[in-house]
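The values are calculated or read from the model by the stated rules, or taken from the named source; none is laboratory data. Quick caveat, the model's predicted, so the values are computed rather than measured. In this analysis, Cβ positions are derived from the backbone assuming ideal geometry, glycine residues included, and neighbour counts consider all displayed protein chains.
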Amino acid sequence: MLTQQTLPDEYRQLDDERLESIIRRRREQLGKRLCILGHHYQRDEVIKFADFTGDSLKLSRQAAEQADAEFIIFCGVHFMAESADILSADNQKVVLPNLEAGCAMADMADVPAVEEAMEELSEMTDERIIPVTYVNSAAAIKAATGRSGGACCTSSNARRVFEWALRGEADGGAGGGKIFAIPDRHLALNIAVDMGYTPEDCVVYEPNKLNGGLTADDVAAAKFILWRGYCYVHQLFTPEHVHGVRRRHPDIRVIVHPECPYEVVQLADDVGSTEQIIRTLDAAEPGSKWAVGTESNLVNRLAKKHKDKFIRVLSDAPASCFQMARIDLPHLAWALDNLAEGNPVNHITVEPEIAADARTALERMISI
Ligand code: 13P
Ligand code: SF4
């Protein structure tokens with residue numbers, strides 16, 4: 001278990017100009033040995049130093065492609081840095097500038113509870129249950145998924161992976177009778193409905209209750225068993241936000257991330273992952289109006305980029321991911337100073353056995 005190395009006070013006392021000059025100097029000094037990755041939800045002052053920006057999967061792949069980069073600084077959250085470590089070469093070191101940058105949703109599922117759930121559920125039905133684990137999860141859960149014949153998914157490929165899980169083995173699928181979707185209940189319900197199922201085909205597994213609070217009849221009737229996790233950033237969007245913005249702007253289009261609650265997704269005009277939202281707004285007509293149900297840093301950046309379109313966050317209050325915000329200029333400057341001195345701090349390493357099984361689940365997803 002990696003313990004957080006503490007940011008020395010001196011970095012907190014430096015102003016932004018000084019911190020930015022440290023970061024620029026260290027980047028120059030490390031040259032091609034360094035690659036900085038920035039997730040779309042990252043704050044502006046940090047993401048401007050990223051060599052590549054993207055969603056979590058795109059960035060992990062990017063990490064794997066940077067063969068020259070000995071050091072990868074991941075300006076995202078912990079599960080993303082773990083995926084980068086799993087998919088990158090053995091000689092590459094992945095650094096998360098602040099270990100407190102976790103993901104609240106990923107933390108809602110821990111491996112003993114997930115393994116217990118898999119056991120309980122398999123005793124409650126004769127049908128094959130295939131775990132499908134959202135990339136927003138710890139490496140150990142991805143590994144348990146890989147060992148149980150399941151696959152990972154992201155918000156952009158979840159439907160494809162769900163279809164694979166339920167397809168017969170003769171047709172290249174996993175031959176599952178049911179899916180156990182971990183950890184985001186909203187994403188899973190939204191995808192199930194998109195595939196033509198109904199909310200009645202889904203049941204929620206409550207990890208703090210015996211058998212998840214489910215009876216054998218509940219499990220028999222369900223096609224999808226949903227771990228009770230959610231993202232607090234996307235869960236804050238409500239149907240009232242959609243009605244309110246439409247009242248104020250009758251010609252506005254509403255686009256939301258599939259981590260939003262089902263009722264919100266049902267009212268939206270479009271639903272898509274971070275990358276899909278960016279592509280849609282990039283291609284939108286000048287003068288068009290958009291209310292976007294996802295993290296505020298990304299939405300505000302899109303609004304600045306497309307001054308000829310009206311783009312705003314769907315909610316009235318900002319939708320901020322506080323974990324992502326824990327990567328700031330002081331932590332980035334400190335991580336770079338230490339790298340340059342050959343002493344990487346907060347180096348993310350996934351144990352080899354866990355990494356091997358997690359890679360199975362990730363590679364299965366990539367091949368679907
Ligand atoms: P992406 O997979 O689109 O990067 O989303 C990650 C995330 O944390 C969404 O809340
Ligand atoms: Fe996790 Fe939600 Fe933050 Fe994404 S936005 S990293 S799901 S807490």
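Taking the range 218-242 as the range and being hydroxyl-bearing (Ser, Thr, Tyr) and within 16 Å of ligand 1 (Cβ to nearest atom) as the test, the residues that pass are Tyr230, Tyr232.
In the range 260-307, which residues are part of a loop (DSSP other than H, G, I, E, B) and either under 17 Å from His234 (Cα atoms) or within 16 Å of ligand 1 (Cβ to nearest atom) (or both)? Correct list: Cys260, Pro261, Ala268, Asp269, Gly272, Ser273, Thr294, Glu295. Lys289 falls short on exactly one of the conditions (1) free of Cβ contacts under 8 Å to residues at least 60 places away in the same chain; (2) charged (D, E, K, R); (3) more than 18 Å from His241 (Cβ to Cβ), and that condition is (3).
Listed by first and then second residue, the pairs linking a residue in the range 147-161 that is free of Cβ contacts under 8 Å to residues at least 60 places away in the same chain to a residue that is within 16 Å of ligand 2 (Cβ to nearest atom) and not acidic (Asp, Glu), with Cβ atoms under 6 Å apart and 6 or more places separating them unless they lie on different chains, are Arg159/Ile191. Picking from residues in the range 297-310 that are free of Cβ contacts under 8 Å to residues at least 60 places away in the same chain and crowded, with 19+ Cβ neighbours inside 10 Å, the one that is farthest from Lys48 (Cα to Cα) is Val299. Using the structure shown, decide if Pro112 is within 25 Å of the chain's Cα centre (by Cα), modelled with pLDDT of 95 or more and buried (at least 24 other Cβ atoms within 10 Å of the Cβ). Taking the combined requirement at face value, the residue does not satisfy it.
For the range 316-332, a residue qualifies if it is farther than 16 Å from Ala101 by Cα and away from ligand 1 (no atom under 14 Å from the Cβ), and the qualifying residues are Asp316, Ala317, Pro318. Do we find a residue being hydroxyl-bearing (Ser, Thr, Tyr) and modelled with pLDDT under 95 anywhere in the range 34-51? No, the range 34-51 contains no residue that is hydroxyl-bearing (Ser, Thr, Tyr) and modelled with pLDDT under 95. Applying the criterion of being away from ligand 1 (no atom under 16 Å from the Cβ) and not aliphatic (A, V, I, L, M) to the residues of the range 62-74, the residue that is farthest from the chain's Cα centre (by Cα) is Asp68. Given the structure, is Arg359 in a strand (DSSP E or B), among the basic types (Lys, Arg) and touching a helix residue (DSSP H, G or I) at 6+ places or on another chain (Cβ under 8 Å)? No. Taken across the range 112-122, residues that are more than 22 Å from Ile225 (Cβ to Cβ) and touching a residue at least 24 places away in the same chain (Cβ under 8 Å) do not occur at all.
Taking the range 75-99 as the range and being within 16 Å of ligand 1 (Cβ to nearest atom), part of a loop (DSSP other than H, G, I, E, B) and surrounded by fewer than 24 Cβ atoms within 10 Å (Cβ to Cβ) as the test, no residue passes. The helices (runs of 4 or more DSSP H) found wholly in the range 169-255 and carrying at least 3 residues that are more than 30 Å from Lys309 (Cβ to Cβ), touching a residue at least 24 places away in the same chain (Cβ under 8 Å) and within 16 Å of ligand 2 (Cβ to nearest atom) occupy 185-194.
For Gln42, the criteria (1) surrounded by fewer than 22 Cβ atoms within 10 Å (Cβ to Cβ); (2) in contact (Cβ under 8 Å) with a residue 40 or more places away in the chain; (3) under 15 Å from the mean Cα position of the chain (by Cα) hold in every case but one, which is (1).
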